[in-house]
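> Sharing a structure, written as structure tokens. Questions coming.
Quick note: the coordinates plus some simple rules give every number you see, no bench work behind them. Computed from a prediction, not measured in an experiment: that's the story for all the values here. As a convention, Cβ positions derive from the backbone with ideal geometry for all residues, glycine included, and neighbour counts pool all protein chains shown.
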């Protein structure tokens, strides 16, 4: 129908740019707020010890092929021995961590804070966009989409003959939401690259369940086949030294 | 990037592949930064030039390919020294940059052509 709508410059000045700027600023603000609010959890001695044991077991798994067979077996026995091996958890004690996590006020507060700090800015911004910027064409996306997307992208615009490429400001908000992830990873340094969408995906599996991970490490150790990786290391060391001396 | 890409594989014990995990991660992060940056710039370029539709996506893939070639050249065409597999160098981060590309493409296109 309308080949090329000419849109008011005021839309560009007062909708597109402010919305993007606001979203970038909110992202930065959220990053700094989460940094400030990160309460240092008082570590429980038992949990720390178990964590360290797991790290040791993992190191053993990683370096298993570089130590002789007998040493590996000795170490593995130390970990997975039935009576007093470090990784062996008797069946009764296993189920504590889950209950402990929810009754421990610190961790519950942390989870709630993380959830809130993620959801509130999103909700607020979305409501703001809906209230102020609805009912007109905001932008034109440069590629054509099918008619099915019309209801999703053009929900403020009540004309059905307008090309689907002309979208409302709500879809500009969503486009920004996804697209600014990359920008955040560049300007905020690499550690906070994950943004809303990825954090939403991570929300599912939570809970540091110590006993399960101990059992998993023990199984992992048991499975390993020792493959002695340095069978001729004397010759190799000799050849390296010769090269250096030459 | 030359000084910041660390050798992640030990050349002496070259029979068995040993990787220094943190160097590997650092290298991957470098690749990701490159791709993100270039996808943003590609988006702005595509919008200014006025690509629409399929041409724009083709342009994005062309830019990503150029990125891959550039990264490979920087790594001296031997991915083994710096990464654990070729696929990482070539294809990692393709889709992640796509959303940024589309955002900046839309933005630039609108700024220049519609308004």
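> Using Cβ contacts closer than 10 Å as the measure, can you line up A:166, A:78 from fewest to most?
On the way: A:166 20, A:78 15.
Fewest-to-most ranking of A:166, A:78: A:78, A:166.
> Moving to a separate point now. Using Cβ contacts closer than 10 Å as the measure, can you line up A:37, A:23 from fewest to most?
Numbers: A:37 11, A:23 22.
Arranged by neighbour count, lowest to highest, A:37, A:23 become A:37, A:23.
> Mind giving me the nanometre distance, one decimal, between the label points for residue A:45 and residue A:238, set 7 Å out from Cα along Cα→Cβ?
With each label point 7 Å from Cα toward Cβ, the separation is 5.4 nm.
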